[in-house]
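**Q** Would you mind keeping the following structure in view while I ask a few things?
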Amino acid sequence: MAVQEVIDATFEDIVLKSEIPVIVDLWAVWCGPCKMIHPILEEISEEYEGKVLVVKLDVDNNRATAMKYGIRNIPTVLFIKNGEVVDKQVGAVPKKKFIAKLEPIL
C-alpha cells in the first residue's frame, strides 16, 4: 500500500481514529531530507501492510496540524497509536531507526 496523503481536514478521521498504529511523515516539497526518507517509508508501508498505516502531511499546506503537534523541524515522523503520539523521529535516519520505533507499538 502506498503512503497516503492526509490534510488538516482528514487527519482526525484517518490518523487519530485508526484501528492500527500510524506513522505520520510531516514534510514539505522543498525539503531535501524529506525526499530522502520517503522511499524508506514507502518500503515500511509495503512490508507492514495491514499492521501499520503510513501517511504524509505537507506542513506548508496544513499548518493547523503542524502547529498542534509543535512541529519546528522537518522531516518529523510521528508514531501514533490509539490517537496518541507515542514516539517521534526528527530528521532523516536509516530505515532501522524507524523500525526500532515501530516494532514496540505493533
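**Q** Amide H of residue 5: which non-local residues (sequence gap of 5 or more, or other chain) have their own amide H closer than 5 Å, using H built in the peptide plane?
**A** 56
**Q** Short version: ³J(HN,Hα) in whole Hz for each residue of the range 93-106, in order, from phi by Karplus 6.51 cos²θ - 1.76 cosθ + 1.60 (θ = phi - 60°), x for Gly and Pro, what are they?
**A** So the Karplus estimates, Gly and Pro as x, are 9, x, 3, 4, 5, 5, 4, 4, 7, 6, 3, x, 9, 7 Hz.
**Q** For the chain, what's the relative contact order in percent, using C-alpha pairs closer than 8 Å and at least 6 residues apart?
**A** 37 percent.
**Q** Something else: Straight-line reach from residue 95: which aspartates and glutamates fall under 19 Å, measuring Cα to Cα and dropping same-chain residues less than 8 apart?
**A** Cα-Cα hits under 19 Å: 25, 42, 43, 46, 47, 49, 87, 103.
**Q** Follow-up. Could you give me the ³J(HN,Hα) list for the range 47-53, computed from phi with Karplus coefficients 6.51, -1.76, 1.60 and θ = phi - 60°, whole Hz, x at Gly and Pro?
**A** Once θ is set to phi - 60°, the couplings for the range 47-53 become 5, 10, 3, x, 9, 8, 9 Hz.
**Q** What is the calculated FRET efficiency for residue 28 to residue 103, with r their C-beta to C-beta distance and R₀ = 25 Å, to the nearest 0.05? Intermediate results must be reported in sequence, preceding the final value.
**A** Working: r = 28 Å, r/R0 = 1.12.
Efficiency for this residue pair is about 0.35.
**Q** Taking 7 Å along the Cα-to-C-beta vector as the label spot, tell me the residue 42-residue 18 distance in nanometres, rounded to one decimal.
**A** 1.8 nm
**Q** Which whole-Hz ³J(HN,Hα) couplings does the range 54-66 yield from phi under the Karplus relation 6.51 cos²θ - 1.76 cosθ + 1.60, θ = phi - 60°, glycine and proline marked x?
**A** Using θ = phi - 60°, the values come out as 10, 10, 10, 10, 6, 5, 5, 9, 9, 5, 4, 5, 4 Hz.
**Q** Dipole of the chain, Cα-centred, from +1 at each Lys and Arg C-beta and -1 at each Asp and Glu C-beta, to the nearest 20 debye?
**A** The dipole magnitude comes to about 460 debye.
**Q** While we're looking at this one, here's another question. Please grab the % of Cα pairs in the chain that end up more than 21 Å from each other.
**A** Everything past 21 Å amounts to 24 percent.
Computed from the coordinates by the stated procedures, all read-outs in this text should not be read as laboratory data. The structure presented is a predicted model; accordingly, all values stated were derived computationally and were not measured. Neighbour counts are summed over all protein chains in view; Cβ atoms, including those assigned to glycine, are modelled from backbone coordinates with ideal geometry.
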